[in-house]
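Novice: Below you will find the structure I want to go over with you.
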């Protein structure tokens, strides 16, 4: 498996798309920090951009990468290598490249301008977010053989978690506004990795007061040690569950 | 060496393989013939573990191939159309496979040298012609000196000289006790190479016999006529 990871990372480095994205993200982070004197404000702008762009790019990149490596995977399947080693090698290769990319592109500017707990949480949740969308992309890619359909489904999944899901929550809040829904919303948020990352970062930013009662409930929950453990666990599940399913499906896939 | 028991596979509504039951032993060249879509490639892919059968089992030296992958270190596979990673160079693909599967045995680089592939080691695989890609595939199949060789329409894209080299190599491998499974539409080639013939018809094995038996049973002198007679007349029985 290690050898496969090595070839995947080597391949991704050579294809330069991820390299370009890393530079782009770093450039954006640096310019946001330089435009403002107050780094915590820059951090908020950075967060809103990162929460949209990182899931989108990691998901689409991974899907396209997987379909483009189909020949490589086919070749490996006819060799004395287990299917599990093949799919996990591919996965760790892609996920590892993303961890590296985000650590560099966000890690360096954040370390220079905002080296505190908030910055660290932003960095860690961005990494977790990219890896969980890599997992989702693997699940989508093993489900269908058709590349364009796979990319389409990936886009829909991203759009669902970025836009539709929040609208649904807002709708529920609106219709049931007479009921105390804070805890229900809290539960619903954990079914969306992007919401999870957003809440985690906001809680560390001390602007939860702006969010009214809901913010207070969140603060009480996520500010506690239990809340931190809970959210870390949920993020881990968002990484693990899709890739476990992807691996199970791949094991019985006809190539 | 390879034993197939009641193997069935369907893709959606299409039953591609129906209750295939046969076995192949070492030191033989077995040719699988049949119409387009008769299930030849699916059968091969089942043996390779690329397609998972719905029911039935395949054994390599008496252990089921469905539960492990180590048996594949004894198989060399030459696909009908070789698909290789686009941005890799010819040399890199050989280096990578050696890195991934080298088992300490002496590498068989005869085809590599006969096809002079080392001179194109710096060419990216996507720029190769169909025939050259086939040469690369053939060299890869033989490289690790496996006990079983599976060649899916090996000579379809090769020039006459290259086919002759491959045929000679295949006969040599047979004489060294290896099992060679070939699919082919070229009957002259089938007659030249095979010891046994398997005729797949509609996903079922119509017959599995030696060339002599086949000629005897149909009463024809040439293999092509014997096969033509069977393809027209359906069953041998």
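The values are calculated or read from the model by the stated rules, or taken from the named source; none is laboratory data. The model shown is predicted, which means the values in this text are computed figures rather than measured ones. Methodologically, a virtual Cβ is constructed for each residue, glycine included, from the backbone with ideal geometry; neighbour enumeration extends over all protein chains shown.
Novice: Quickly run through region A:231-255 and pick out the residues that are under 17 Å from the mean Cα position of the chain (by Cα) and crowded, with 16+ Cβ neighbours inside 10 Å.
Specialist: Passing the criteria: A:231, A:234, A:235, A:238, A:239, A:242, A:243, A:246.
Conditions tested, residue by residue: (1) under 21 Å from residue A:243 (Cβ atoms); (2) out of contact with any helix residue (DSSP H, G or I) (no Cβ under 6 Å at 6 or more places or on another chain); (3) part of a helix (DSSP H, G or I); (4) in contact (Cβ under 8 Å) with a residue 60 or more places away in the chain.
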{"position": "A:75", "(1), (2), (3), (4)": "no, yes, yes, no"}
{"position": "A:99", "(1), (2), (3), (4)": "yes, no, yes, no"}
{"position": "A:139", "(1), (2), (3), (4)": "yes, no, yes, yes"}
{"position": "A:158", "(1), (2), (3), (4)": "yes, no, yes, yes"}
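Novice: Suppose the filter is over 30 Å from residue B:102 (Cα atoms), at pLDDT 95 or above and away from chain B (no Cβ under 14 Å); does residue A:103 pass it?
Specialist: yes
This table checks each residue for (1) within 14 Å of chain B (Cβ to nearest Cβ); (2) surrounded by fewer than 17 Cβ atoms within 10 Å (Cβ to Cβ); (3) within 24 Å of residue A:162 (Cβ to Cβ).
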| residue | (1), (2), (3) |
| --- | --- |
| A:22 | no, no, yes |
| A:29 | no, no, yes |
| A:34 | no, yes, no |
| A:49 | no, yes, yes |
| A:57 | no, no, yes |
| A:70 | yes, yes, no |
| A:76 | yes, no, no |
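Novice: What pairs come out if I take residues in region B:80-93 that are more than 20 Å from residue B:118 (Cβ to Cβ) and within 7 Å of chain A (Cβ to nearest Cβ) and pair them with residues that are at pLDDT 90 or above and loosely packed, with under 14 Cβ neighbours inside 10 Å whose C-beta lies under 7 Å away, six or more apart or interchain?
Specialist: none
Novice: Does residue A:64 count as more than 14 Å from chain B (Cβ to nearest Cβ) and in contact with a helix residue (DSSP H, G or I) (Cβ under 9 Å, 6 or more places away or on another chain)?
Specialist: Spelling it out, it is not the case that residue A:64 is more than 14 Å from chain B (Cβ to nearest Cβ) and in contact with a helix residue (DSSP H, G or I) (Cβ under 9 Å, 6 or more places away or on another chain).
Novice: Here are some residues: A:17, A:12. Which one is modelled with pLDDT of 90 or more, buried (at least 18 other Cβ atoms within 10 Å of the Cβ) and within 14 Å of chain B (Cβ to nearest Cβ)?
Specialist: From the options A:17, A:12, the qualifying one is A:12.
Novice: Output the residue which, of all residues in region B:1-27 that are assigned to a strand (DSSP E or B) and touching a helix residue (DSSP H, G or I) at 6+ places or on another chain (Cβ under 7 Å), is surrounded by the most Cβ atoms within 10 Å (Cβ to Cβ).
Specialist: Filtering region B:1-27 for residues that are assigned to a strand (DSSP E or B) and touching a helix residue (DSSP H, G or I) at 6+ places or on another chain (Cβ under 7 Å), the one surrounded by the most Cβ atoms within 10 Å (Cβ to Cβ) comes out as B:17.
Novice: Of all residues in region A:160-189, how many are surrounded by 13 or more Cβ atoms within 10 Å (Cβ to Cβ) and outside any helix (DSSP H, G or I)?
Specialist: Selection size over region A:160-189: 1.
Novice: Looking at B:156, B:114, B:162, B:141, which one is at pLDDT below 95 and either closer than 30 Å to residue A:13 by Cβ or in contact with a strand residue (DSSP E or B) (Cβ under 8 Å, 6 or more places away or on another chain) (or both)?
Specialist: The unique qualifying residue is B:141.
Novice: Which condition number does residue B:169 fail, the rest of (1) surrounded by fewer than 17 Cβ atoms within 10 Å (Cβ to Cβ); (2) closer than 20 Å to residue B:27 by Cβ; (3) more than 14 Å from chain A (Cβ to nearest Cβ) being met?
Specialist: (1)
Novice: With the structure loaded, tell me whether residue A:94 is over 18 Å from the mean Cα position of the chain (by Cα) and farther than 17 Å from residue A:33 by Cβ or whether it fails that test.
Specialist: No.
Novice: Within the set of pairs 6+ apart or on separate chains, which have a first residue in region A:13-29 that is closer than 19 Å to residue A:46 by Cα, a second that is in a loop (DSSP other than H, G, I, E, B), and C-beta atoms under 8 Å apart?
Specialist: A:25/A:106; A:26/A:106; A:29/A:106
Novice: Restricting to region B:35-79, what's the tally of residues that are assigned to a strand (DSSP E or B) and closer than 15 Å to residue B:7 by Cβ?
Specialist: Of the residues in region B:35-79, 7 are assigned to a strand (DSSP E or B) and closer than 15 Å to residue B:7 by Cβ.
Novice: Also: More than 14 Å from every other protein chain (Cβ to nearest Cβ), at pLDDT 90 or above and outside any helix (DSSP H, G or I) - does that describe any residue in region A:146-154?
Specialist: Yes; the residues of region A:146-154 include at least one that is more than 14 Å from every other protein chain (Cβ to nearest Cβ), at pLDDT 90 or above and outside any helix (DSSP H, G or I).
Novice: Could you figure out which of (1) touching a residue at least 60 places away in the same chain (Cβ under 8 Å); (2) closer than 18 Å to residue A:247 by Cβ isn't true of residue A:64?
Specialist: (2)
Novice: I would also like to ask the following. Report yes if residue B:166 is within 19 Å of residue B:80 (Cβ to Cβ), free of Cβ contacts under 8 Å to residues at least 60 places away in the same chain, touching a helix residue (DSSP H, G or I) at 6+ places or on another chain (Cβ under 6 Å) and in a helix (DSSP H, G or I), otherwise no.
Specialist: yes
Novice: Go through (1) out of contact with any strand residue (DSSP E or B) (no Cβ under 8 Å at 6 or more places or on another chain); (2) farther than 15 Å from residue A:134 by Cα one by one and return the number of the condition residue A:78 breaks.
Specialist: (1)
Novice: Looking at (1) more than 21 Å from residue B:34 (Cα to Cα); (2) assigned to a loop (DSSP other than H, G, I, E, B), find the lone condition where residue B:156 falls short.
Specialist: Every condition holds for residue B:156 apart from (1).
Novice: How many residues does region B:80-116 hold that are closer than 24 Å to residue A:83 by Cα and not in a loop (DSSP other than H, G, I, E, B)?
Specialist: The total comes to 10.
Novice: Moving to a separate point now. Pick from region B:53-74 the residues that are under 18 Å from the mean Cα position of the chain (by Cα) and facing chain A (nearest Cβ under 9 Å): which of them is surrounded by the fewest Cβ atoms within 10 Å (Cβ to Cβ)?
Specialist: B:73
Novice: Please verify whether region A:31-51 includes one or more residues that are at positive phi and outside any helix (DSSP H, G or I).
Specialist: No, because not a single residue in region A:31-51 is at positive phi and outside any helix (DSSP H, G or I).
Novice: Of everything in region B:10-29 that's within 14 Å of chain A (Cβ to nearest Cβ) and free of Cβ contacts under 8 Å to residues at least 60 places away in the same chain, which residue is farthest from residue B:209 (Cα to Cα)?
Specialist: B:12
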